[in-house]
Structure formats: C-alpha cells, structure tokens
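S.K.: First the structure, which I've put down as structure tokens, then a few questions once you've had a look.
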Amino acid sequence: MSSQTVARRYATALADVVAGKNDERIIQEELVGWELMIETNSQLRDVFANPTIPYDQKRKVLRELITQTKVNPLTANFLEILLKNQRLTALKEINARFAGVLDTRAGVVAAHVTTARPVGDDARKALAEKLSRISGQKVRLSFTTDDSLIGGMVTRVGSTVYDGSIKSQLNRMEKFLAGEQ
C-alpha cells in the first residue's frame, strides 16, 4: 500500500473521529508539534523507525513523551494507534492529509505565498480577501520568503499558481529576446 493511501486513510479516519468536537485544530497543531519533535530528534526518529526495537520499548518511550507533552487524549490515542500499526514514521504525510481534510470539510482552501521579502499584516489581509473572492472560498495563507524572486510573489492555491515574481518576468523577457517564444 502506498504511503499516500496510508496517509489518506489515517487522516480521514482521524478527521471523522474529531468531527464536531471543536478541537480539530488543536489536535492538528499537537500532531504537527509531534512531527517536528520526531523529525528534529534523530534518536527519537531512529527509535520509532527501527524494526528491531521491541514494540513495548517504543510504547514506553511514546507514553513518557505523551505524559510530558500533556496532549489531548485523542491525540495520544491516535499516536498510540500509529505506533501499534507501525505508521508513526508516516506522521508527516498523515498531518498534511489531515490538514487538507479539515480544510475541505470547513470550506477552506490553502494558499501558499512565496515573496522576496516578508509581507506586512495589512498586505496579508488584503491578499487573503482577494484570494477568497477569486476562489469563492475562505483562504488559509502560509508564507515563505525566497530572495531569488527579486520582488513580487508566487501564490499557489490548490493546483493553480499565480506567478507575479520579477524573476519569472525576467525569465520570460529573456526567452522573448532570445526568440524562444
């Protein structure tokens, strides 16, 4: 079974369990925190990924971490299920799918914006409103910066990309002047 299929199944099942409990986003944030904790700690990552380490030892480590982090009981149960089914290493893919399922069910579309420099709050709000009008849905924005864009921005909403970067415009101009267009 592909990792995408596994991620989709676990994410959908979790979304079904947390539906209507009003703590979907809290669980999502906790799982992202766990993803970061596992990814940034090589020893922890190795323990959960190593098939030669007995399940009971892994469960003991997981339960100790759950106790220390004081996560929501639903998050704790989900993490234990992932460990039991040897899927804890797929947490990154599951989290991405889970966010997508929650957004779809809430009528929200995710948009990722890359700019050359950080964007102020007023510009973020204006962009969110404009993208909401274009898409007809609520928009959840995430931002990154990339100096190579020189200026402008690249926005991805679903599979649609709006590229208004200076880098892209210069590339198009270069092709035009070279007679490639």
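The values are calculated or read from the model by the stated rules, or taken from the named source; none is laboratory data. All of these numbers come straight from a predicted model, not from anything done at the bench. Backbone-built Cβ (ideal geometry, glycine too); neighbour counts: all protein chains shown.
S.K.: Going through Arg133, Arg117, Arg59 one at a time, which residue ends up being modelled with pLDDT of 95 or more, over 25 Å from Ala19 (Cβ atoms) and not in a strand (DSSP E or B)?
M.R.: Arg59
S.K.: While we're here: If Met37 satisfies all but one of (1) within 18 Å of Ala76 (Cα to Cα); (2) of a type outside the set (Asp, Glu); (3) outside any helix (DSSP H, G or I), what's the number of the condition it fails?
M.R.: Only one criterion in (1) within 18 Å of Ala76 (Cα to Cα); (2) of a type outside the set (Asp, Glu); (3) outside any helix (DSSP H, G or I) is unmet by Met37, namely (3).
S.K.: Oh, and also: Which of the residues spanning the range 138-179 are closer than 25 Å to Asp121 by Cβ and among the polar types (S, T, N, Q)?
M.R.: Ser142, Thr144, Thr145, Ser148, Thr155, Thr160, Ser165
S.K.: Residues Asn95, Asn41, Asn22: which one is crowded, with 19+ Cβ neighbours inside 10 Å, polar (S, T, N, Q), under 21 Å from the mean Cα position of the chain (by Cα) and not assigned by TED's automatic domain parsing to the domain that holds Gln137?
M.R.: Of the residues listed, the single one that is crowded, with 19+ Cβ neighbours inside 10 Å, polar (S, T, N, Q), under 21 Å from the mean Cα position of the chain (by Cα) and not assigned by TED's automatic domain parsing to the domain that holds Gln137 is Asn95.
S.K.: Let me ask something additional. Kindly check whether there is at least one residue in the range 47-56 that is more than 24 Å from Leu102 (Cβ to Cβ) and hydroxyl-bearing (Ser, Thr, Tyr).
M.R.: yes
S.K.: Hey, another quick one. I need the full set of residues from the range 136-154 which are of a type outside the set (A, V, I, L, M, F, W, C), closer than 30 Å to Ala19 by Cβ and not in a loop (DSSP other than H, G, I, E, B), in order please.
M.R.: Let us first name the residues in the range 136-154 that are of a type outside the set (A, V, I, L, M, F, W, C), namely 136-138, 140, 142, 144-148, 151-152.
From the residues that got through so far, the ones that are closer than 30 Å to Ala19 by Cβ too are 136-138, 140, 142.
Hits for the range 136-154 are Lys138, Arg140, Ser142.
S.K.: For Ile26, state whether it is over 30 Å from Ser165 (Cα atoms), modelled with pLDDT of 95 or more and hydrophobic (A, V, I, L, M, F, W, C). Lay out the reasoning, then the answer.
M.R.: Working: over 30 Å from Ser165 (Cα atoms): yes; modelled with pLDDT of 95 or more: no; hydrophobic (A, V, I, L, M, F, W, C): yes.
No: the conditions fail for Ile26.
S.K.: While we're here: Do the conditions hold for Asn72, that is, is it farther than 22 Å from Ser2 by Cβ, surrounded by fewer than 16 Cβ atoms within 10 Å (Cβ to Cβ) and at pLDDT below 95?
M.R.: When the stated conditions are applied, Asn72 does not pass them.
S.K.: Working carefully through the options Leu88, Leu141, Leu149, find the one that is surrounded by 14 or more Cβ atoms within 10 Å (Cβ to Cβ), without any contact (Cβ under 8 Å) to a residue 40 or more places away in the chain and touching a Leu at 6+ places or on another chain (Cβ under 8 Å).
M.R.: Working: Leu88 fails: without any contact (Cβ under 8 Å) to a residue 40 or more places away in the chain; Leu149 fails: touching a Leu at 6+ places or on another chain (Cβ under 8 Å).
Criteria check complete, one pass: Leu141.
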